[in-house]
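One structure coming up, written as structure tokens, with questions to follow.
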Amino acid sequence: MVDLVITGDRVITPSSIGPADVAIAGGKVVAVAAPGAFPLSANARHIDARGKVVMPGGIDPHTHCLWPTFGAGGSITQTMGPSVVGKAALHGGTTSIIDFTRWTHGRTIQQAIEQRMADWKDDGCPCDYAFHTMVEGDLPPEIPIQLGESIEAGHATVKIFTTDITPSRKGRMVDFGDIWEVFQVLAKRGGLGVIHSEDNDIVMHMYAKLFREGRTGFENMAEVHNALSEDVSFRRIIRLAEHVPGCGLYMLHVSAGNGVRAIREARSRNQPIYGESLHQYMLYTQEDYKRPNGQIYHTYPSLKSQADQDELWRGALDGSIACVATDEICCSLSVKVQGRQIDDTTGGNAGVEPRVAVMYSEMVGKRGFTLRQFVDRVSTNAAKIMGMYPRKGAIAPGSDADICILDPALKRTVRAELLHETDYTPWEGREVNAWPSMTILRGKVVVENEKFVDDARGGAWISREVPEEIRSRAVDMA
């Protein structure tokens, strides 16, 4: 029995964009057919979405909920949890997020995962979610083995740092010998490497240099986390993976043109490398650090030059940049701007809610991207790369009925007081030419007319398996 039918004139399915009826039952899409093909039962709801964009729910593959950060007086606090971030995601048309399980020494990988799952259950997540497993520092020899077990249990991606990021975070970086061991496990057990890639020697050299010169203000961040570092590190990590057949990589938060070019060149050799950028890298530059409260635009690595940003857009067009994420860190404005130096500025951004609308406006409205290209970069590509497709990221029979109805009539100016994350937004004052009028999660309307109308704890964990195709060759993401 069909529960819900959506009629639209711009329904985006894997095979077409155009008029269609989407029939939903039991949380799944059961059919997509010509308008009027489904006679409605007495209990079924009909949604008229003509004049709007009916797209798969957005997927943000890079968020940090309940994440340790510095609070007042240098104390350690946590960022806001999935109960806040997940609700904001749904308001913005995003139905799934991928966060992180942080393994630390003294625990097994399984213990870290169980604790993370428990923390999320206690806080409650309204949208669906999954976790990358993050390892750091010197890896005991049993850790790669445990990662293999976690991959087969549905935690398909492993995050690795090639830098400590700041001098105060010693112990974050994994050395290349241990990375090589992890890559072999990824290739053997079907996982994907999720890499924060910067050259640690260059980054730490630049911290020391700028401190010697007294140029410690955060506005100099682009000199520390610079384009050369991204170039050297990307090429080194890609070369290492090239020596491990079957090891695919997802390069997190690509910020520099050098990173885009390294990915493009590797993909031209059919190496399975996929790039992610962030909406702030694509729309802000290092010049924005000079604005009042310029810290709100920062995440690690730094914002770069206009030339770097231009290359990010070229990469998004040709598929070198497959996904646009947020690196979500949902904290208060006071926490975000308390650090004023190159080594103490809070990373991340509160951006999960406006992401879909901002990128629709910038991609489709201003730069001539097609609807397909836009949807791929905010939803479908992440589902394919991260092992969730076609359950997620598609409007197709058998897929979860995760749907965003984006309304071009809802033009607006982004304001923090109208959002559902925290007390600031880096997108304050930005004009967008569409906003979600409805979000549907597994067949249930959860946001309608900008009001939350469903269970605030209804999200479910997503077990993932990265397809062999994604790991064995450079699948086209253009």
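The values are calculated or read from the model by the stated rules, or taken from the named source; none is laboratory data. Please read these numbers as outputs of a predicted model, since none were measured by experiment. Here the Cβ positions follow ideal geometry from the backbone for every residue, glycine too, while neighbour counts run over all protein chains shown.
Looking at the range 273-296, I want the residues that are in contact (Cβ under 8 Å) with a residue 24 or more places away in the chain and have a partner that is among the polar types (S, T, N, Q) and surrounded by fewer than 19 Cβ atoms within 10 Å (Cβ to Cβ) with Cβ atoms under 7 Å, at least 6 apart or on another chain. Which pairs are those?
Thr285/Ser305; Thr285/Gln306; Gln286/Ser305
Kindly indicate whether Ala130 is touching a Phe, Trp or Tyr at 6+ places or on another chain (Cβ under 8 Å), among the small types (Gly, Ala, Ser) and either at pLDDT 95 or above or assigned by TED's automatic domain parsing to the domain that holds Thr95 (or both).
yes
Having 1 or more residues that are closer than 21 Å to Glu198 by Cα and within 14 Å of the chain's Cα centre (by Cα) is the bar; report the helices (runs of 4 or more DSSP H) wholly within the range 269-344 that clear it. First the steps, then the outcome.
Values: elements: 279-283, 306-318, 333-336.
In the range 269-344, 279-283 are the helices (runs of 4 or more DSSP H) which contain 1 or more residues that are closer than 21 Å to Glu198 by Cα and within 14 Å of the chain's Cα centre (by Cα).
Among the residues of the range 201-222, is there at least one that is under 24 Å from His62 (Cα atoms), part of a loop (DSSP other than H, G, I, E, B) and either in contact with a helix residue (DSSP H, G or I) (Cβ under 7 Å, 6 or more places away or on another chain) or outside the structural domain of Ser302 (by TED's automatic domain parsing) (or both)? Spell out how you get there, then give the answer.
Initially, the range 201-222 is screened for residues under 24 Å from His62 (Cα atoms), giving 203, 218, 221-222.
If we keep only those that are part of a loop (DSSP other than H, G, I, E, B) as well, we get none.
Scanning the range 201-222, I find no residue that is under 24 Å from His62 (Cα atoms), part of a loop (DSSP other than H, G, I, E, B) and either in contact with a helix residue (DSSP H, G or I) (Cβ under 7 Å, 6 or more places away or on another chain) or outside the structural domain of Ser302 (by TED's automatic domain parsing) (or both), so the answer is no.
Any idea how many residues of the range 17-50 are without any contact (Cβ under 8 Å) to a residue 12 or more places away in the chain and touching a Ser or Thr at 6+ places or on another chain (Cβ under 7 Å)? So that I can check it myself, show each step before the final result.
Within the range 17-50, the subset without any contact (Cβ under 8 Å) to a residue 12 or more places away in the chain is 18, 39, 42.
Now restrict to residues that are touching a Ser or Thr at 6+ places or on another chain (Cβ under 7 Å): none.
Total meeting the criteria: 0.
Which one of the conditions (1) in a strand (DSSP E or B); (2) in the same structural domain as Val445 (by TED's automatic domain parsing); (3) within 30 Å of Val432 (Cβ to Cβ) does Pro35 fail to meet, given that it meets all the rest?
Checking Pro35 against (1) in a strand (DSSP E or B); (2) in the same structural domain as Val445 (by TED's automatic domain parsing); (3) within 30 Å of Val432 (Cβ to Cβ), the one that fails is (1).
Keeping to the range 44-63, report how many residues are part of a strand (DSSP E or B) and crowded, with 24+ Cβ neighbours inside 10 Å. Step through it out loud before you land on a result.
Within the range 44-63, the subset part of a strand (DSSP E or B) is 45-48, 53-56, 58-60, 63.
Checking the rest, the ones that are also crowded, with 24+ Cβ neighbours inside 10 Å come to 53-56, 58-60, 63.
So the count comes out to 8.
Evaluate the following for Gly137: is it touching a residue at least 12 places away in the same chain (Cβ under 8 Å), on the phi < 0 side of the Ramachandran plot and assigned by TED's automatic domain parsing to the domain that holds Met206? I'd like the intermediate steps shown before the answer.
On the way: touching a residue at least 12 places away in the same chain (Cβ under 8 Å): yes; on the phi < 0 side of the Ramachandran plot: no; assigned by TED's automatic domain parsing to the domain that holds Met206: yes.
No; evaluated as a whole, the condition is false for this residue.
Scan the range 83-121 residue by residue and report those that are within 20 Å of the chain's Cα centre (by Cα), assigned to a helix (DSSP H, G or I) and closer than 18 Å to Gly458 by Cβ.
Of everything in the range 83-121, those that are within 20 Å of the chain's Cα centre (by Cα), assigned to a helix (DSSP H, G or I) and closer than 18 Å to Gly458 by Cβ turn out to be Ser83, Val84, Val85, Gly86, Lys87, Ala88, Ala89, Leu90, His91, Met117, Trp120.
Tally up the residues in the range 463-478 that are in a helix (DSSP H, G or I) and among the acidic types (Asp, Glu), please.
Going through the range 463-478 one residue at a time, the tally reaches 2.
Residue by residue, here is whether (1) within 26 Å of the chain's Cα centre (by Cα); (2) crowded, with 23+ Cβ neighbours inside 10 Å; (3) farther than 21 Å from Thr299 by Cβ holds:
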site	(1), (2), (3)
Glu149	yes, no, yes
Ala153	yes, no, yes
Ala156	yes, yes, yes
Thr163	yes, yes, no
Ser168	yes, no, no
Leu192	yes, yes, yes
Ile202	no, no, no
Met206	no, no, no
Leu210	no, no, no
